[in-house]
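Enquirer: Structure in structure tokens, see below.
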Amino acid sequence: MIYSASQPNILKAANLIQSGDVVAFPTETVYGLGASAYNAKAIAKIFAIKNRPNFNPLISHIADIDFLSEYAKTDERILALAKQFWPGPMTFILNRKDNNPALDLACAGLSKISVRMPNHPVALKLIHASGVPIVAPSANKSQTISPTTAEHVQKSLGDQVPMILDAGSCIVGVESTILDMTHKQVVVLRAGGLAAETIEDFLGEKVLFSDGNPNKPSSPGQLLKHYAPRYETRINVKKTEADEFYIGFGKIQGDLNLSRSGDLQEAAANLFEMLHIAEAQTKKTKIAIAPIPNVGLGRAINDRIKRASYK
Ligand code: TXA
Ligand code: MG
């Protein structure tokens, strides 16, 4: 059920989290399906509702930087990045602390943990009120298009989720950038809402991109088929076929346009919404997407549509 994200409803949602249930909530990137990081049964519910393979670990969402050192091993570079870009669309992969309690299920048994602080008032209030870190994958069935509105969550997960907190559309619209901080060089495991160039400028060093062996992904969720609409999808398309619903960019108008002015941030914010519209319409039976430059947020967009088009 969809509820407005009012203060009383946020408190109700926090009660559900504390009592071991799941709640869908808005972040600046996509809607998340949350549970207490310390409640194994609640986490198991997330995997069941999403049909998510349980080898795929979850991101812990925190509302306070201090929590980081309770969870994981940190260093100066990690803390500097956190201070600069949190709250925001940046997730760290860190080495777990040995005394880290009860997080095996969230981490899918890995020795590393992923953590982020979302930049959304509702998410932050919910984490504070719950009094625990909230683990949350995107609030959709595994492999389908990610949700950027409460209605998308309702469409994908329906009544399996007792409460969906509604705060309108997500501003960033693509998932967080995942940074593996456990090596000498920062490794981008998933391009996302924070551009790699921005991170490089701040650190004064280059980051690496993990191309990822799809059979043994270092970020296990980065499988080749993901974000898939129900229609066959082609990317980098300059000329469409008659049966294709065309998602344009810049001067290529299309049936819908990610950003007429060619603004990649605007395009990222529109991406999943337009894919949802494209898969819901019935006039055309295929989807085609115009070329998107592979810089800045374009990297995150290309990553998502490449997986969306995987056959
Ligand atoms: O923006 C986001 O990150 C959203 C919102 C809800 O915060 N969350 C999200 O979660 O995208 P999810 O589960 O859909 O994607 C998380 C990705 C998966 O590919 C997962 O395999 C990877 O992060 N991941 C999580 N923990 C990891 C770990 N310990 N080591 C390696 N990869 C990890
Ligand atoms: Mg996801």
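Enquirer: Taking residue 15 and the conditions (1) touching a Cys at 6+ places or on another chain (Cβ under 7 Å); (2) modelled with pLDDT of 95 or more, which numbered condition does it fall short on, given that it satisfies the others?
Expert: For residue 15, the exception is condition (1).
Enquirer: Sort out which residues of segment 238-261 are buried (at least 16 other Cβ atoms within 10 Å of the Cβ) and of a type outside the set (A, V, I, L, M), and write them in order of number.
Expert: 240, 244, 245, 246, 248, 249, 250, 254, 255, 257, 259
Enquirer: Then there's this: I need a count of the residues in segment 238-254 that are touching a strand residue (DSSP E or B) at 6+ places or on another chain (Cβ under 9 Å) and closer than 15 Å to residue 267 by Cβ.
Expert: 8
Enquirer: In addition: Are any residues in segment 122-140 over 16 Å from residue 40 (Cα atoms), within 11 Å of ligand 1 (Cβ to nearest atom) and in contact with a helix residue (DSSP H, G or I) (Cβ under 6 Å, 6 or more places away or on another chain), and if so, which ones?
Expert: Selection gives 139, 140.
Enquirer: How many residues does segment 132-163 contain that are over 15 Å from the mean Cα position of the chain (by Cα), assigned to a loop (DSSP other than H, G, I, E, B) and within 16 Å of ligand 2 (Cβ to nearest atom)?
Expert: 1
Enquirer: Let me ask something else. Consider segment 29-41. How many of its residues are modelled with pLDDT of 95 or more and not polar (S, T, N, Q)?
Expert: Count: 6.
Enquirer: For segment 263-279, which residues satisfy the criterion of being over 21 Å from residue 307 (Cα atoms) and either among the basic types (Lys, Arg) or in contact (Cβ under 8 Å) with a residue 24 or more places away in the chain (or both)?
Expert: Correct list: empty.
Enquirer: While we're looking at this one, here's another question. Just for segment 27-62: of the residues that are surrounded by fewer than 17 Cβ atoms within 10 Å (Cβ to Cβ) and free of Cβ contacts under 8 Å to residues at least 40 places away in the same chain, which one is nearest to ligand 2 (Cβ to nearest atom)?
Expert: Top of the filtered list is 48.
Enquirer: Mind checking which residues of segment 164-190 are within 16 Å of ligand 2 (Cβ to nearest atom), part of a strand (DSSP E or B) and either touching an Asp or Glu at 6+ places or on another chain (Cβ under 8 Å) or of a type in the set (Ser, Thr, Tyr) (or both)?
Expert: Passing the criteria: 177, 189, 190.
Enquirer: Do we find that residue 109 is surrounded by fewer than 21 Cβ atoms within 10 Å (Cβ to Cβ) and within 16 Å of ligand 1 (Cβ to nearest atom) in this structure?
Expert: yes
Enquirer: Quick one: would you say residue 78 is within 15 Å of ligand 1 (Cβ to nearest atom) and farther than 17 Å from residue 140 by Cα?
Expert: Spelling it out, residue 78 is indeed within 15 Å of ligand 1 (Cβ to nearest atom) and farther than 17 Å from residue 140 by Cα.
The values are calculated or read from the model by the stated rules, or taken from the named source; none is laboratory data. From a predicted model like this one, the values you see are computed outputs, not experimental measurements. Note that each Cβ is placed from the backbone with ideal geometry, even for glycine, and that neighbours are counted across all protein chains shown.
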